[in-house]
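Engineer: Attaching a single structure in structure tokens format; questions to follow.
What follows is calculated from the coordinates using simple rules that are stated; it is not laboratory data. Small disclaimer: the values here were computed from a predicted structure and weren't measured. Glycine gets a Cβ as well: all are built from the backbone with ideal geometry, and neighbour counts include every protein chain shown.
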């Protein structure tokens, strides 16, 4: 019986089972509530903060050595042990630095120097590092009040930040229920589920390679470099305060039952629990020395206590004696277990993490393939962020296999809850809404506006579309706007009219509104002109004009590069009614194409101010309001590439002249009378191109626009010396009528990209 009693006492004391009456010393009573306890990194000093003071204690001699009086509440404290400095962050966003030995203030950082809330402070070799609530780090050299920004992650939703105590410029951030860990200018890992985490209960070990936090009574220990879960301990009691013992795998916590627990993280268990009879008020704060020989705690009444040792030898495990003779060896079961334990319920868009472990050394694999899921076989960590299509009950299977060939499976059920989200507008006509948050649709009087409205619903719900503010004669059917503004829609005194319209996409629960603007430009109403049916047999639906075969006299007997005149037979062909616009060319660049062809030749000059096409993150777009302007800054290669892309070709020089001059040998597309300032015939002597079709009185008898002025047009030359190509038709930059004659021609190199040169296309007629 005596032996049994001795054995029981050995197990109770040696293994630390149950509660222990720990030793403790009351070293001070501040008579004020203690807000925080902080040990210096060399364990010589620790600080207790109250509502208006910082009390400093000698950890070895266990006595109070100094008190710094403050005019406010301190939030955080850190030490510079080599210089015997202490830095205190105040609730007013002010930071004070004192010399511990004589309490002389070294310097102060005022709130006006730090625009945003300070979350944490830490001494670094070159000064003081200040962590702002948005994740920006500021570095202050001692004695200097102007900060230097060393890193900026610039989050708008940060709720907490904590520095690593040993590794410079490493810190944890909590934002929108997500936790992440950062080093200098780099995110080591991020967007892990942070729901339920209190940053006041986040701690780092002495080496800085592990961090731990409390979440709903469970302590999670994670690797700072990867974010992987290393240990988890569930506590039956609420955790009030928590810290590492700053030695491997030992942590200390204050529970809601007014006990202090020593946790062995390597064994995933509470190894010792201390209860103090003399402490009859709630314990609220806790910190531990770096060597783990003692810890300090405080109570609601301002009492500061020193507790007993928490070294790992106090929580040593019992070692079973070896048997001299082994009769039989029982094979261990192969079992898979997970952390956290089921049930698993998440919402679409959230990330679930499951640590899978095995009772024996085994290779663990994800047996069931699943989209958006990842299984890190090095750490046996499963991560999954389901999308809307994956809502519902999902069964995930893991497999494990040992070296001796044994295998097993583990099935987990994960419930993915769906949520309804509002529709999102994506495109209006050719405009991407994400690149144009306030889209503007442009149309000329007398033209047809036909724009499809597109929206996306992540839930896959059927969408309905409505519109408010449209003109009375406009149509909005299903998801398409159709409208033909009359020639008198815009007031005679105005150049344009803007119409605000609201588009609405609905999934019955959510109604997403998008304000747009329809801009109507005023144009002169064209005069009705007779059409020679012998010359034009039809107008194709894609705004092309059909030109019949004919004999044509090309050239003229006067002019330097235009003579001599000679007769050439021309086959029938189709020609664009208008010059190619910016909107059309952008479609070509986004097809996808590049501004450089396969031979390394540049297609368009995007660096020119005259070019109204610009590159964006996912392609190219037209500057707002220039969609219907003719594209300029295009090389001959760029014009040819576009024509081939749409299944057409460039006009030959002979074809271009035949449609501009006609069989009546006109000097100008409209006739033989040169343009005058009193006539609205073409765009020349101006500062820039204008939208296509702006001068209907200057079209040729076939209804082809801008053959003179606006922009000159690349053609395939009939004959020219060297590698030069030809442009025809004059441009907005032409200064006299001679330059816009139907016979005028200008040589350019094919790789030249000019602000006054564009093009139109032609198409062969299949027999």
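Engineer: When you count, for each residue, the other Cβ atoms within 10 Å and take the mean per peptide, how do 198-207, 419-428 rank with the highest first?
Structural biologist: Final packing ranking: 198-207, 419-428.
Engineer: Would the range 544-764 count as rounded, prolate or oblate if I go by the C-alpha gyration tensor, calling it rounded below 1.5 in a/c and otherwise prolate when a/b exceeds b/c, oblate otherwise?
Structural biologist: Here the range 544-764 falls in the prolate category.
Engineer: Counting other beta carbons within 10 Å of each Cβ, put 85, 636 in order, fewest first. Present the calculation step by step, with values, prior to reporting the outcome.
Structural biologist: Working: 85 18, 636 26.
With the fewest neighbours first, 85, 636 line up as 85, 636.
Engineer: Could the peptides 338-345, 88-95, 377-384 be put in order, highest first, of the mean number of other beta-carbon atoms found within 10 Å of their residues?
Structural biologist: So the peptides 338-345, 88-95, 377-384, ranked by packing, come out 88-95, 377-384, 338-345.
Engineer: What does the extension gain come out to for residue 359 and residue 411, with contour length at 0.36 nm per residue minus their alpha carbon separation?
Structural biologist: Result for the pair: 17.1 nm of gain on full extension.
Engineer: Let me ask another. Please report Rg over Rh for the range 424-521, where both radii come from the alpha carbon positions and Rh follows the Kirkwood definition.
Structural biologist: With Rh from the inverse mean 1/r over Cα pairs, Rg/Rh is 1.00.
Engineer: Which of rounded, prolate, oblate describes the range 179-252, given a ≥ b ≥ c as roots of the alpha-carbon gyration tensor eigenvalues and a/c under 1.5 marking rounded, otherwise prolate only if a/b is larger than b/c?
Structural biologist: oblate
Engineer: Next question, about the same structure. How would 547, 173 line up from fewest to most surrounding beta-carbon atoms within 10 angstrom? Intermediate values should be presented prior to the final figure.
Structural biologist: Details: 547 22, 173 26.
By the 10 Å Cβ count, ascending, the order reads 547, 173.
Engineer: Right, another one. Would you mind putting 510-522, 698-710, 485-497 in packing order, based on average other-beta-carbon counts within 10 Å, highest first?
Structural biologist: Working: 510-522: 17.5, 698-710: 24.1, 485-497: 12.8.
The peptides rank, most packed first, as 698-710, 510-522, 485-497.
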